[in-house]
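Q: Below is one structure. I have some questions about it.
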Amino acid sequence: MMQQLNDTFHSGTKEYIKHLENQLERVQRKQQEQRDGAIPKLQNSADKFSQTVDNLQKSMNQMFEEQLQNQLRLAVSRLQEVITTDIQRMVKHEISSAMKNQHTAVTQNLIAAMRANASTPVPLPPDPQQQKTQIMLLLTNGQLNSAFQQALSAADLDLVMFVCETVDPGQVFDQTPCPLQQPVILSLIQQLSDDNLDDNTELRRRLVVSLTVCIL
């Protein structure tokens, strides 16, 4: 009797253990299937996240580049303003000194002429077209300094601007030394820097800067 009970107990125990093993195997297989299915999803999510990060980085780089370019443009603009202000200050100082010297020389020449009691006929007003023709002849012969000097001597800004617009800037500013003499350069700067003039402002500004470089 006891032997039968013992055999029955062992048999039931084995069946129960086998049932547990089968149940555990099914659970493990199900978990493995879930893991196998989750891996592609995780990989896909990782790929999407990586793509999002790349796009974000590209957007940030582009934004930083645009901000940097804007800052550089602003810095260059401010630097140009500072340089222009410094050049104008230097030009005014040079012109002031040159004008004082020129005024002294003119005064001395006038006193000498008055003392000499020279009787000279009053010249007729020059013909602008004739002056332009003479200036063009000087320019054709490569006499740049004489052409500018004649225009300045006429005290006619329109005539000065005619020469400035006619002459190739490279003929004046790309040569070393500059073909214009310093008194001519200073007189040009003085007339072109007149704040009361509104015509050809950009051209006059470029010429003043280039002329200033020639005397620095």
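Q: Calculate, for the stretch 126-197, the solvent-accessible area per residue in square angstrom, rolling a 1.4 angstrom probe over the heavy atoms of the protein chains.
A: Ligands and nucleic acids excluded, the result is 56 Å² per residue.
Q: Where q = 0.14, 0.22, 0.25 Å⁻¹, what log10 of I(q)/I(0) comes from the Debye formula for the stretch 124-168, counting one point per Cα?
A: The Cα Debye sum returns log10 ratios of -0.26, -0.64, -0.83.
Q: Take the alpha carbon gyration tensor of the stretch 131-211, find the square roots of its eigenvalues, order them as a ≥ b ≥ c, and report rounded if a/c is under 1.5; if not, report prolate when a/b exceeds b/c, else oblate.
A: Because a/c hits 1.5 or more and a/b fails to exceed b/c, the stretch 131-211 counts as oblate.
Q: So how exposed is residue 184, as accessible area in Å² (1.4 Å probe, rounded to 10)?
A: Residue 184 has an accessible surface of roughly 10 Å² with all protein chains in place.
Q: Highest first, please rank the peptides 166-172, 143-149 by the mean number of other Cβ atoms sitting within 10 Å of their residues.
A: Sorting 166-172, 143-149 by mean packing, highest first, produces 143-149, 166-172.
The values are calculated or read from the model by the stated rules, or taken from the named source; none is laboratory data. Bear in mind that the values here come from a model prediction, so they are computed numbers and not experimental data. Virtual Cβ from ideal backbone geometry, glycine too; neighbours counted across all protein chains shown. Remember, those area values only see protein heavy atoms, side chains included, never the ligands or the DNA or RNA. Shrake-Rupley method; radii C 1.70, N 1.55, O 1.52, S 1.80 Å.
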